[in-house]
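The structure appears right after this line, and notes come after that.
The values are calculated or read from the model by the stated rules, or taken from the named source; none is laboratory data. As the structure is a computational prediction, the values presented were derived from the model and not from experiment. Every residue, glycine as well, gets a Cβ built from its backbone with ideal geometry; the counts of neighbours run over all protein chains shown. In case anyone asks, the SASA skips ligands and DNA or RNA and just uses the protein heavy atoms, side chains included. Shrake-Rupley method; radii C 1.70, N 1.55, O 1.52, S 1.80 Å.
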Amino acid sequence: MQNGRYVVSEQDKQLFKQQGFVHLKAVIEEEELQEIIQPVYESFLRGDIQVSGRDLCDMSGSKERTPDQFTVYNVMKPRTYYKEWQGNLYEKRCKDISDQLQGTSDMEPDYDQILAKRPHSPDAVFAWHQDMAYWPPTSETATATCWLAISDATMENGCMRFVPGSHLEPEIRPHMPVGASREESHALHTVLREEDVVEHVPIARGDITVHNESVIHGSGPNLSSGWRHAYVLAFRRASTIREEREMGFTHSHNDETNWDVFREHGQT
Ligand SMILES: O=C(O)CCC(=O)C(=O)O
C-alpha cells in the first residue's frame, strides 16, 4: 500500500500474465472489512436483503434445497440489490488493481457475487470451469475477477484452486451443465486432463486472488466447522460490458439467455 493505493508489483503482474491468476495480500484492512463488507454480507446471508428469482441459488448444483440449506450459497449481483455498496473503497481499490493488471484505465465492475460455503458440506464444491464458458463471446475479453477472502480460505474449507497457464490454450474447453440442464442448475463444469497440474491457493482474510476470464479454476468442499465466506467482484473493459448488455447479458441468473450463443464456444 502507498498512501491508501495498492501498487501491484511487476512480479505480480507477470504472474497474472503467466498463470492466469495472482494472489495479492492484505488488499483490504480489518477495519474496512468490518465497516464496509461484513455487515452487508451477513444481511444477505440472513435473507434480510431481498434478492429476486434465480439470483439467489445454490452453486453446488443441488436443486432441492431451500436457502437455509444451500451448501454453496450464491447471491448474484448483490451491489444491484444493495446499491449503497456501489463505489465503495474496496471497489475503487479493486478497479485500480484491475487496471494495473490489465495495463488499461477503463476496467469497470461488471458483476459481483457472494459465495459462501456452509460448514461440514462435502458437496460444497465449485466445479472446474473457465469463466468464458459462462459468458457470451465479445470482441475483447480482458477480465480481472477479484476474489476476496472474508474468512481465511483454507485447504479444509475449499479455497480456490487453479490450473496455472490453462488460459494460454487456444480454445475454451468443452463445458457441460453440472445438473441435467442449465435451467435446472446454473453451474457448468469441464473435465480435467491427466496432464493438468492443479495449484491450491489458501489465502488469509483480507487477501484477494485475481483471475482472468479463461484460466481453469474451481474449489473443493468445505469439510471444516466454519463457513467459507468469499466476495467476488469482476472487472471488464467498459466497451465489453456495453457489448454484453446490448446482447441482453447482465450476469443475472434471471437473464433470458439465448444458449445458442454460448454453444458457439464450447458448451455442449
Ligand atoms: O468461490 C469459489 O469457490 C469459486 C468462484 C469462481 O469460480 C469465480 O469467482 O469465478
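Tabulated data
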item	result
Test result for I241, within 13 Å of the ligand (Cβ to nearest atom), on the phi < 0 side of the Ramachandran plot and surrounded by 16 or more Cβ atoms within 10 Å (Cβ to Cβ)	no
Whichever residue in the range 224-238 is open to solvent by 10 Å² or more (accessible area, probe 1.4 Å) and out of contact with any Ser or Thr (no Cβ under 8 Å at 6 or more places or on another chain) and, among such residues, is farthest from the ligand (Cβ to nearest atom)	A238
Test: residue in the range 46-53 that is within 15 Å of the ligand (Cβ to nearest atom) and among the charged types (D, E, K, R)	no
Failed condition for R79, given (1) under 22 Å from N212 (Cβ atoms); (2) open to solvent by less than 30 Å² (accessible area, probe 1.4 Å)	(2)
Selected residue (criterion: most open to solvent (accessible area, probe 1.4 Å)) from residues of the range 125-140 that are within 14 Å of the ligand (Cβ to nearest atom) and not aromatic (F, W, Y)	V125
Residue that is modelled with the lowest pLDDT, among those in the range 62-79 that are more than 16 Å from the chain's Cα centre (by Cα) and among the β-branched types (V, I, T)	T66
Some residue of the range 155-176 being within 30 Å of R46 (Cβ to Cβ), acidic (D, E), in contact with a helix residue (DSSP H, G or I) (Cβ under 6 Å, 6 or more places away or on another chain) and modelled with pLDDT of 95 or more	no
Single residue of M59, M107 found to be touching a strand residue (DSSP E or B) at 6+ places or on another chain (Cβ under 6 Å), on the phi < 0 side of the Ramachandran plot, within 12 Å of the ligand (Cβ to nearest atom) and of a type in the set (A, V, I, L, M)	M59
Complete set of residues in the range 5-42 that are open to solvent by 20 Å² or more (accessible area, probe 1.4 Å), outside any helix (DSSP H, G or I) and in contact (Cβ under 8 Å) with a residue 40 or more places away in the chain	R5, Y6, V7, H23, K25, A26, E29
Residues of the range 82-124 that turn out to be open to solvent by less than 40 Å² (accessible area, probe 1.4 Å), among the polar types (S, T, N, Q) and either more than 18 Å from the chain's Cα centre (by Cα) or at pLDDT below 95 (or both), as a count	4
Selection within the range 62-89 - closer than 23 Å to L33 by Cα, within 16 Å of the ligand (Cβ to nearest atom) and not β-branched (V, I, T)	Y73, N74, M76, K77, P78, R79
Conditions (1) buried (at least 23 other Cβ atoms within 10 Å of the Cβ); (2) within 22 Å of G61 (Cα to Cα); (3) under 13 Å from the mean Cα position of the chain (by Cα): number failed by C159	(1)
